[in-house]
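Novice: A single structure is presented below for examination.
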Amino acid sequence: MTLELVFLGMSGIGLVLGALALMTGARDGRRVRVVAGRPDFLSGAAFIVAFGAVGFLVARLQNGNAVLSVPTALAAGLGGAWLTTLLPTSVDDGAETAGPRPEVVGTVGTLSLPIREGACGELAYSDGGSTRTCIARSQNGCAIEKGTEVLVTGYENGTAIVRRIEDVLPGVRQAVRRIEAASAEQVTRRMRGNC
């Protein structure tokens with residue numbers, strides 16, 4: 001068996017392992033679902049593919065010279081494995097990651113797409129300083145217009161259950177506007193020196 005065949009065989013084995021890793025999503029023994037920088041099964045497969053392919057090419061060009069082909073293949077394998085650690089991936093432990101988390105119950109958001117009667121729309125809400133969107137449906141099944149402020153009252157199968165703020169606390173919008181107006185008037189008086 002020649003060195004070229006060994007490298008070619010390793011490349012083939014690496015391709016099969018890489019394909020299995022991608023088809024099954026085997027990264028760290030879990031499904032792939034964005035964490036970078038950790039070597040894993042896919043990195044090992046990438047090492048074998050790069051090691052085998054580059055080793056084969058160098059051995060072929062150098063007439064089977066192991067002194068040059070093995071270190072070159074080793075460097076290529078390490079480079080291939082390192083490149084896969086840069087790929088954006090995340091790990092899904094089976095927990096539901098799409099949509100809102102149950103902790104968003106009680107959050108106020110705005111509908112970015114209307115909710116039609118008996119159907120779903122889209123909710124935009126703030127989570128940790130960033131704006132997120134998720135599927136939302138009305139708690140009572142009624143339609144809610146786009147741009148309406150809503151309160152997340154529940155969470156079910158990745159969908160936020162929402163109600164209009166006015167339905168939850170009648171008159172709250174008018175009360176907030178009165179408070180804002182009174183605060184603005186107080187600031188204006190203080191600036192003028194009319195405390």
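Novice: Restricting attention to region 6-40, and to residues there that are at pLDDT 70 or above and not aliphatic (A, V, I, L, M), which single residue is nearest to Gly64 (Cα to Cα)?
Specialist: Going through the qualifying residues, I end up with Phe7.
Novice: So for region 81-102 (the condition being over 19 Å from the mean Cα position of the chain (by Cα), among the polar types (S, T, N, Q) and either loosely packed, with under 15 Cβ neighbours inside 10 Å or at pLDDT 75 or above (or both)), does at least one residue qualify?
Specialist: no
Novice: A further question follows. Only one of Ala75, Ala50, Ala119, Ala59 is assigned by TED's automatic domain parsing to the domain that holds Ala160 and at pLDDT 80 or above. Can you tell me which?
Specialist: Of the residues listed, the single one that is assigned by TED's automatic domain parsing to the domain that holds Ala160 and at pLDDT 80 or above is Ala119.
The values are calculated or read from the model by the stated rules, or taken from the named source; none is laboratory data. All of these numbers come straight from a predicted model, not from anything done at the bench. Neighbour counts are summed over all protein chains in view; Cβ atoms, including those assigned to glycine, are modelled from backbone coordinates with ideal geometry.
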